[in-house]
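The values are calculated or read from the model by the stated rules, or taken from the named source; none is laboratory data. Treat the numbers as computed from the prediction; the structure is a model and nothing was measured. Backbone-built Cβ (ideal geometry, glycine too); neighbour counts: all protein chains shown. Accessible surface areas use protein heavy atoms only, side chains included; no ligands, DNA or RNA. Shrake-Rupley method; radii C 1.70, N 1.55, O 1.52, S 1.80 Å.
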Amino acid sequence: MKKIIELKNISKAFDGETVLDNISLDIYDNEFVTLLGPSGCGKTTTLRLIGGFEYPDEGDVVFMGERINDTPPHKRNVNTVFQKYALFPHLNVFENVAFPLHERKLPKAEIKEKVDQMLSLVMLSGFAQRSVTSLSGGQQQRVAIARALINHPKVLLLDEPLGALDLKLRKDMQQELKKIQKSTGITFIFVTHDQEEAMSMSDTVVVMSEGKIQQIGTPQDIYNEPVNAFVADFIGESNIVDGVMLEDKKVKFAGHIFDCLDTGFEKNEAVDVVIRPEDVDIVPEDKGMLCGTVTSVTFMGVHYEIIVDIKGFKWMIQTTDGVEVDAKIGIYLEPDAIHIMKKSKYSGMFGDYSSFSNELDELSNPGGEDEE
Amino acid sequence: MRKKHSGRLAITQYSVWSFLFVVVPLIFIAYYAFTDNNFSFTTENITRFFTATSNLTEDDGTVREVRTYILIFMRSLKLAAISTAISLLLGYPIAYIMARASEKAQKTMMTLVMIPMWMNFLIRTYAWMTILQDTGIINGIIGKLGIGPLHMIGTETAVVIGMVYDYFPYMILPLYSIMAKMDTRLFEAARDLGCNSFGVLRRVIFPLSLPGVISGVTMVLIPSISTFYISQKLGNGKFFLIGDAIEGQYVANNLHFAAAIAFILMVILLVCMALVKYFTAKHVYGGE
């Protein structure tokens with residue numbers, strides 16, 4: 001596979017505040033890459049560096065082997081679908097899509113042909129003469145995509161393009177974007193904070209936090225083998241428990257010794273143990289490896305989401321069995337349900353379901369001095 | 001309920017106010033324009049505007065018969081158009097810089113634009129007389145440098161300078177307010193789609209700023225076309241403008257003809273504005 005974009009040791013600060021801290025990333029031709037992270041993690045800045053709207057303080061942006069740090073956006077073979085679309089309100093749909101072609105001074109007939117073709121690709125044929133302000137969010141989205149694709153860029157940058165759409169439309173657009181990416185063969189770099197979106201669309205997911213890349217991998221890798229508590233918590237739901245690696249394939253946590261599949265840790269090394277809520281089996285109390293009391297049951301449609309207090313630590317378990325609040329249950333873990341991670345600076349910050357969001361934790365614990 | 005009620009009251013007050021001070025005076029102007037001294041109907045005042053002639057001595061001494069008021073009107077239009085064009089060319093970049101500056105800088109610049117408006121219009125014009133006179137400040141300075149003297153007072157240039165200075169804020173304000181509202185992501189989108197800086201200006205900023213341009217042009221052109229004081233003071237009375245004509249007729253107690261000139265001027269301006277609006281409607285977006 002051919003490298004199309006290389007980010008080399010890039011750092012960027014705004015007003016003395018570090019936004020990107022020495023990140024390096026290779027993006028390959030014809031790849032669907034998603035930059036995933038919470039707001040303020042530097043994902044949009046990374047995208048803007050590639051688009052040419054920001055310049056790195058340190059490091060290099062390399063495009064097809066050529067350093068393009070100082071190349072202005074209009075000279076880059078990269079186009080962007082902006083957050084909230086940024087369509088030109090003084091132009092109609094046709095003129096918006098034709099905008100880059102007019103800039104290249106193509107003959108009228110050729111422009112018409114290309115625009116018509118592009119509008120049919122995004123299923124907006126017949127909307128050419130509409131005013132963009134009269135379109136729905138989904139239609140505006142399509143215009144923005146058509147406009148960004150019409151020059152056939154090598155790379156398309158998408159900055160949270162689906163954020164403003166409702167759930168069903170978002171799902172449709174995810175499918176459609178993926179289809180467009182496959183059929184055009186253009187490299188897509190997609191920015192989102194929605195982990196489900198990242199999982200369902202991407203070939204490669206880049207998880208970012210606090211200006212650093214935490215993990216790069218396929219959606220399966222990232223989900224099944226998160227490198228630290230941040231990734232495990234951000235991608236899907238996870239119970240993250242303090243543990244000790246007794247020896248290869250033996251881990252002790254919550255006062256019990258479990259068989260697992262992980263190797264390569266020091267003897268008695270302190271580790272973070274990740275257990276996905278859907279991997280926990282509920283068994284009668286006397287047959288469980290661990291026992292606890294159900295503190296809440298939420299019906300989610302496909303399954304129940306139950307919170308179980310096991311020795312003071314709140315676990316989340318997803319189950320299709322009905323369980324009553326205050327019931328005593330046992331849990332059983334298969335070896336492959338357990339994933340071991342090295343301790344990181346994120347250890348202890350995530351993975352306890354006393355509350356779902358950090359924000360609530362902070363609210364109920366103002367000042368935060370009590371912790372640690 | 002109460003809120004609704006007070007809203008209706010405000011509208012009523014506004015209607016009464018605008019009826020008394022806008023509609024009634026307009027009716028009076030029209031009434032005077034179409035009546036003679038005995039207040040019987042006539043179109044003579046109107047016809048006089050278009051047909052009155054006088055003899056104009058050219059620079060080379062030849063004498064030419066001209067239609068007095070048409071000539072005066074065209075002269076007013078020319079000076080007003082030049083002033084408006086200069087205001088626009090100066091004001092556009094300044095408004096853009098203001099709109100993109102930091103919030104604090106925007107406030108400072110706005111205050112600087114507004115301060116001259118707090119001073120009396122006559123005093124400002126007098127100030128320009130002392131600046132532009134043959135013995136004025138400018139000639140004092142360039143005289144020390146061994147240049148000049150530059151004869152400025154009593155020229156068309158002086159009148160234009162006065163008009164630009166007096167009406168400049170009316171150009172800046174609408175331009176600034178529309179530019180400050182512009183979504184800068186649109187500029188990024190244009191650059192992304194292949195525009196250099198000039199392309200962004202030509203294809204995005206300018207078309208989006210058109211409503212501001214139109215109101216700025218209107219707000220400078222109309223007072224400049226009908227001004228009389230500036231041309232009297234800075235033009236030494238040599239450039240008789242349509243405003244001077246109205247004032248002259250009024251002072252001479254010729255109220256009906258004064259009203260007729262004002263009426264015709266108003267009609268011409270309204271027609272012009274309607275045309276401008278019609279031809280730019282396509283480009284002016286109504287969004288947000």
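Here is a list of conditions, (1) more than 10 Å from chain B (Cβ to nearest Cβ); (2) closer than 19 Å to B:Val204 by Cα; (3) surrounded by fewer than 21 Cβ atoms within 10 Å (Cβ to Cβ), and A:Lys84 meets all of them except one; can you say which number that is?
In the conditions (1) more than 10 Å from chain B (Cβ to nearest Cβ); (2) closer than 19 Å to B:Val204 by Cα; (3) surrounded by fewer than 21 Cβ atoms within 10 Å (Cβ to Cβ), A:Lys84 misses (1) alone.
Return the total of residues in segment A:98-126 being assigned to a loop (DSSP other than H, G, I, E, B) and farther than 26 Å from A:Leu169 by Cβ.
So the count comes out to 4.
Applying the selection to segment A:129-165, what residues are open to solvent by 20 Å² or more (accessible area, probe 1.4 Å) and either basic (Lys, Arg) or more than 13 Å from chain B (Cβ to nearest Cβ) (or both)?
Listed by number, the residues that qualify are A:Arg130, A:Ser136, A:Gly137, A:Gln139, A:Arg142, A:Lys154, A:Gly163, A:Ala164.
Of all the strands (runs of 3 or more DSSP E) wholly in segment A:207-287, which have at least 3 residues that are open to solvent by 10 Å² or more (accessible area, probe 1.4 Å)?
Result: A:212-217, A:239-247, A:256-259, A:281-283.
Evaluate segment B:161-183: report whether one residue or more is outside any helix (DSSP H, G or I), among the polar types (S, T, N, Q) and more than 12 Å from chain A (Cβ to nearest Cβ).
Checked segment B:161-183: no residue is outside any helix (DSSP H, G or I), among the polar types (S, T, N, Q) and more than 12 Å from chain A (Cβ to nearest Cβ).
Looking at the structure I just gave you, is A:Asn69 over 25 Å from the mean Cα position of the chain (by Cα) and surrounded by fewer than 16 Cβ atoms within 10 Å (Cβ to Cβ)?
Yes; evaluated as a whole, the condition is true for this residue.
If you take the residues of segment A:166-188 that are open to solvent by 30 Å² or more (accessible area, probe 1.4 Å) and within 17 Å of the chain's Cα centre (by Cα), which of them is farthest from A:Ile145 (Cα to Cα)?
A:Leu167
Residues of segment A:44-56 being open to solvent by less than 10 Å² (accessible area, probe 1.4 Å) and away from chain B (no Cβ under 13 Å), which ones?
A:Thr46, A:Leu49
So which residues in segment B:189-207 are part of a helix (DSSP H, G or I), open to solvent by less than 30 Å² (accessible area, probe 1.4 Å) and under 26 Å from A:His152 (Cβ atoms), if there are any at all?
B:Ala189, B:Ala190, B:Asp192, B:Gly199, B:Val200, B:Val204
Every residue in segment B:137-169 that is surrounded by 20 or more Cβ atoms within 10 Å (Cβ to Cβ) and more than 24 Å from B:Thr227 (Cβ to Cβ), please.
B:Asn139, the sole residue that qualifies.
Somewhere in segment A:346-354, is a residue in the same structural domain as A:Asp262 (by TED's automatic domain parsing), of a type in the set (Gly, Ala, Ser) and modelled with pLDDT of 90 or more?
No.
State all residues of segment B:245-267 that are more than 20 Å from B:Val24 (Cα to Cα), surrounded by fewer than 15 Cβ atoms within 10 Å (Cβ to Cβ) and hydrophobic (A, V, I, L, M, F, W, C); if no residue qualifies, say none.
B:Val251, B:Ala252
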